[in-house]
């Protein structure tokens, strides 16, 4: 049986979420705050991406907020249950989560040598913060930054997600780096739906490509903030 946790887990970093001017920041133990990766992505979307989201909201009408609210609740339940599982806590599965969990469990059982769960990340050089779901190995892959998503169905993987994963890889390498033998160059997107679960791997070449794009998005975000000020 594969060892669930690594013998070299990474220390958790304290972070406090702060909401200001419609932007979510994470503040570290010393009070230094950086914008979260999710806010940067949201505020630097292309006109095409903004139009796609606006069209979806328009097509759903009043139902849009209810759909978003339910999805957010399922996501929170799912992430909490994953943490419980990896920490060895036997917590009953909420009924709302059950169909997603039944499809996800076989994938979770192949995750091993975990180094970090729900880890707060700060990249002070680039100027952003984030929270990675998990750093672990999957089957015989090297350690990956892993994002878990819960959805009503399998959807196309838009650039937002690999940008997010590249941001995690960069922050992990910067925050932990050589002292902790951290060099994360691969990432996994694991999506659970009521009907199936899917794993998407982003290899080192793809992560490098999206890292360059992510750096541009962060620079764009800060340029926009300067322009507003």
Practice task
Filter the strands (runs of 3 or more DSSP E) completely within the stretch 1-74 down to those with at least 3 residues that are without any contact (Cβ under 8 Å) to a residue 40 or more places away in the chain, surrounded by fewer than 16 Cβ atoms within 10 Å (Cβ to Cβ) and out of contact with any helix residue (DSSP H, G or I) (no Cβ under 8 Å at 6 or more places or on another chain).
Solution key: 16-20
Problem - Test for residue 91: is it crowded, with 16+ Cβ neighbours inside 10 Å and in contact with a helix residue (DSSP H, G or I) (Cβ under 7 Å, 6 or more places away or on another chain) - result: no
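Listed here are the residues, each with its yes/no results for (1) modelled with pLDDT of 95 or more; (2) outside any helix (DSSP H, G or I); (3) within 17 Å of the chain's Cα centre (by Cα); (4) surrounded by 13 or more Cβ atoms within 10 Å (Cβ to Cβ).
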position: 183; (1), (2), (3), (4): yes, yes, no, yes
position: 187; (1), (2), (3), (4): yes, yes, yes, yes
position: 200; (1), (2), (3), (4): yes, yes, yes, yes
position: 212; (1), (2), (3), (4): yes, no, no, no
position: 219; (1), (2), (3), (4): yes, no, no, yes
position: 226; (1), (2), (3), (4): no, no, no, no
Practice task
Check off (1) under 18 Å from the mean Cα position of the chain (by Cα); (2) closer than 26 Å to residue 143 by Cβ for residue 23 and give me the number that stays unchecked.
Solution key: (2)
Problem - Residues of the stretch 166-207 satisfying the condition of being within 20 Å of residue 123 (Cα to Cα) and free of Cβ contacts under 8 Å to residues at least 40 places away in the same chain - result: 173, 177, 178, 179, 183, 204
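The values are calculated or read from the model by the stated rules, or taken from the named source; none is laboratory data. Keep in mind that this is a model prediction, so the values were computed, not measured. Note that each Cβ is placed from the backbone with ideal geometry, even for glycine, and that neighbours are counted across all protein chains shown.
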